Amino acid sequence: MNPLTLHLTLYAEYFSAILAGRKTIEYRRRCERYDKQFQKPYTHIKFVNGYGNHRPWLLVEINRFEKTSDQWLIHLGDILEHGNIKPTLFS
């Protein structure tokens, strides 16, 4: 089975916390868009800090999705790859 990758953008604060291992769950407010999108069997998530190919990115394993009455919780696994990360940006 080929991995299915979810793409999401993040503010620098949250991107940095995931990179440092301090943030292991990504939260998204429940809405029709995410309710439909998160039904797919995603195995990985690509986080980008901003928009554009020059922005820092992380490829992270997804352990599982959890749905509550008002939000989605994406439980994150290991960081598999990264790119465009300058040491001074997220230290």
Enumerate the calculated ³J(HN,Hα) couplings along region 57-65 in order (Karplus 6.51 cos²θ - 1.76 cosθ + 1.60, θ = phi - 60°), each rounded to whole Hz, writing x wherever the residue is Gly or Pro. 9, 9, 10, 10, 5, 9, 7, 5, 9
Please list the equivalent ellipsoid semi-axes of the chain, computed as the square roots of five times the alpha-carbon gyration tensor eigenvalues, in descending order and whole angstrom. 22, 14, 12
Place a +1 charge on the Cβ of each Lys and Arg in region 1-65 and a -1 charge on the Cβ of each Asp and Glu, then give the dipole magnitude about the Cα centre in debye, rounded to the nearest 20. 140 debye
Counting only residues 5 or more apart in sequence or on a different chain, those whose built amide H sits under 5 Å from that of Gln71 are Arg30
Report the relative contact order of region 3-56, percent, no decimals, based on alpha-carbon pairs under 8 angstrom and at least 6 residues apart. 60 percent
Any aspartates and glutamates whose Cα falls less than 18 Å from that of Lys86, other than same-chain ones fewer than 8 residues away, would be Glu13
Counting only protein heavy atoms, what percent of the accessible surface of the chain is carbon or sulfur at a 1.4 Å probe? 49 percent
Could you work out the relative contact order of the chain, using alpha carbon pairs under 8 angstrom and six or more residues apart, expressed as a whole percent? 31 percent
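The values are calculated or read from the model by the stated rules, or taken from the named source; none is laboratory data. Just so we're clear, the structure is a prediction, and the values are computed from it rather than from any experiment. Cβ sites come from the backbone with ideal geometry, for glycine too, and all protein chains shown count toward neighbours. These area figures cover heavy atoms from the full protein model, side chains too; ligands, DNA and RNA do not enter into them. Shrake-Rupley method; radii C 1.70, N 1.55, O 1.52, S 1.80 Å.
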